[in-house]
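The values are calculated or read from the model by the stated rules, or taken from the named source; none is laboratory data. Given the structure is predicted, the values throughout are model-derived calculations rather than measurements. Here the Cβ is made from the backbone with ideal geometry for all residues, glycine too, and neighbour counts use every protein chain on show.
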Amino acid sequence: MSSVPPTLIHSTLAKQLEAEGAFVYLDLAAEARKKGIDVISFGIGQPDFKPPEEVLTAIKDAIDQGHIGYISSLGLPELRAKVAEYLNEKYNTDVKPEEVAITVGAKSAIFMAINLLTRPGDEVIVPDPGFPAYECTVRFAGGRPVFLCLKEEDEFRMTPERVEECLTKNIKCILVNTPHNPTGSVLKKEDVEGLLEIAKRENLAIISDEIYEDFVYEGKHHSFLSMPEWRDYVIYISGFSKTWALTGLRIGIMVAREEVIKKVGVMAINIYSCPPVPFQYGALKALELGLDWFKDIKEEFKRRRDAACDELNKIPGVKALRMPGTFYLFPNVKDLVSKLGYKSVKDLAKAILFEAGVALLPGTAFPLHGGDGFMRLSYVLPVDKIREGLHRVREWVESK
Ligand SMILES: Cc1ncc(COP(=O)(O)O)c(C=O)c1O
């Protein structure tokens, strides 16, 4: 018998997988707290408000009523029907219940959509900076991510012009995220129309991650579902993590034509059987309530965005655009990095954490080069904390 245990990870694809960079910095913030540093964290992408009480009661009632067994892998039929009705009203479209899958968070929907669409060698356009799971999952599926560098001069939008510059004959899919993590950009109507035109002309699919759809402070969110031809080209993804502040419940939504959703049902059976059932009852209640209660939350987030933007722009060497969506800002700190003589934005983030007690994420955590020279700030804390945190950074910079 060999004394060396067998290798338990043989998959070369799995070896390429990387953890989300953001979590590395959250661990660092925890380390700083352990050292006694009172950290103000702008790190996490998790809303700080509570969902409506009725949603939580619906979950408890579902458990009390014994809704704890397996159900269809695509989710509760009444929730699928409600999602279709809700989206049809919101986006003036024609989604059918059979075209809806309830998933384990938006993340599993992203994973399944990319895996359904990508064969080894296929290329997928992904935003850079962008949500790390896109790149990671494309590679895991054997595909090749083609990075579209979002530019500050385009307000970080994935415009049709930039997509045209990236097209190759192997591209099968464009991954769009609007409103966009980590920059806070929101696509304009003409961007959405232009991207769909490209998809039609080049026969490409669009995966549209719209999980921040309700966090738009200027103008409005333009969903790909509002396009009459969405069914031919689009896989729409959203969920209950952000608008309803239910990140830990893991309930996501995918909308696509029925043939795709049927396959998602088969994938889901083989991965997780079905999304957590009591939480789906909570999601159903959330949609029944509608979004009236969210108006105040949105106003508060707008005040936070403005406070964060104003305070950031007072810091020497920092330039922050007033981004219209999400709860993130993506300030340019290139001058600050060079003024203070740091090698990278990562080193600057570490110094701000351990010396000023403020957690900001380096733009390169998302996950490539597009974020070099930028930082992501998540404004999921009250205005006075935002001001205090950024004041600390300013004093720290001025003391240097
Ligand atoms: C762009 C984007 N998509 C998807 C997700 C994941 O959402 P969920 O919690 O529903 O898996 C996040 C979470 O941060 C996100 O920022």
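Only one of Ile71, Ile63 is in a loop (DSSP other than H, G, I, E, B), surrounded by fewer than 20 Cβ atoms within 10 Å (Cβ to Cβ) and among the aliphatic types (A, V, I, L, M). Can you tell me which?
Ile71
Across the stretch 325-334, which residue is nearest to the ligand (Cβ to nearest atom) among those that are of a type outside the set (Phe, Trp, Tyr) and closer than 10 Å to His180 by Cβ?
Thr326
I need the helices (runs of 4 or more DSSP H) fully contained in the stretch 229-304, keeping only those with at least 2 residues that are more than 14 Å from the ligand (Cβ to nearest atom) and surrounded by fewer than 18 Cβ atoms within 10 Å (Cβ to Cβ).
Filter on the stretch 229-304 gives 258-271, 277-289.
On the basis of being in the same structural domain as Tyr134 (by TED's automatic domain parsing), polar (S, T, N, Q) and part of a strand (DSSP E or B), does Ser208 make the cut?
Yes; evaluated as a whole, the condition is true for this residue.
Can you go through Val216, Val186 and tell me which one is touching a residue at least 60 places away in the same chain (Cβ under 8 Å), among the β-branched types (Val, Ile, Thr) and surrounded by fewer than 24 Cβ atoms within 10 Å (Cβ to Cβ)?
Of Val216, Val186, the one residue that is touching a residue at least 60 places away in the same chain (Cβ under 8 Å), among the β-branched types (Val, Ile, Thr) and surrounded by fewer than 24 Cβ atoms within 10 Å (Cβ to Cβ) is Val216.
Here are Lys169, Lys200, Lys189, Lys220: which of them is at pLDDT below 95, of a type outside the set (S, T, N, Q) and away from the ligand (no atom under 12 Å from the Cβ)?
Exactly one residue qualifies, and that residue is Lys169.
Take the stretch 168-191 and flag every residue that is in contact with a Pro (Cβ under 9 Å, 6 or more places away or on another chain) and not in a strand (DSSP E or B).
If the condition is that a residue be in contact with a Pro (Cβ under 9 Å, 6 or more places away or on another chain) and not in a strand (DSSP E or B), then Pro179, His180, Asn181, Pro182, Thr183, Gly184, Ser185, Val186, Leu187, Glu190, Asp191 are the ones that fit.
I'd like the full set of residues that are within 16 Å of the ligand (Cβ to nearest atom) and part of a loop (DSSP other than H, G, I, E, B), limited to the stretch 74-87.
Residue satisfying the conditions is Gly75 alone.
Taking Leu195 as meeting all but one of (1) surrounded by 24 or more Cβ atoms within 10 Å (Cβ to Cβ); (2) within 16 Å of the ligand (Cβ to nearest atom), write down the number of the exception.
Condition not satisfied by Leu195: (2).
Go through Glu153, Glu164, Glu213 for me and flag whichever is over 30 Å from Gly43 (Cβ atoms) and not assigned by TED's automatic domain parsing to the domain that holds Met375.
Step by step, each of Glu153, Glu164, Glu213 is checked, and only Glu164 is over 30 Å from Gly43 (Cβ atoms) and not assigned by TED's automatic domain parsing to the domain that holds Met375.
Determine whether Lys90 is at pLDDT 95 or above, away from the ligand (no atom under 16 Å from the Cβ) and assigned to a helix (DSSP H, G or I).
When the stated conditions are applied, Lys90 passes them.
Would you call Ser378 outside the structural domain of Thr137 (by TED's automatic domain parsing) and at pLDDT below 95?
no
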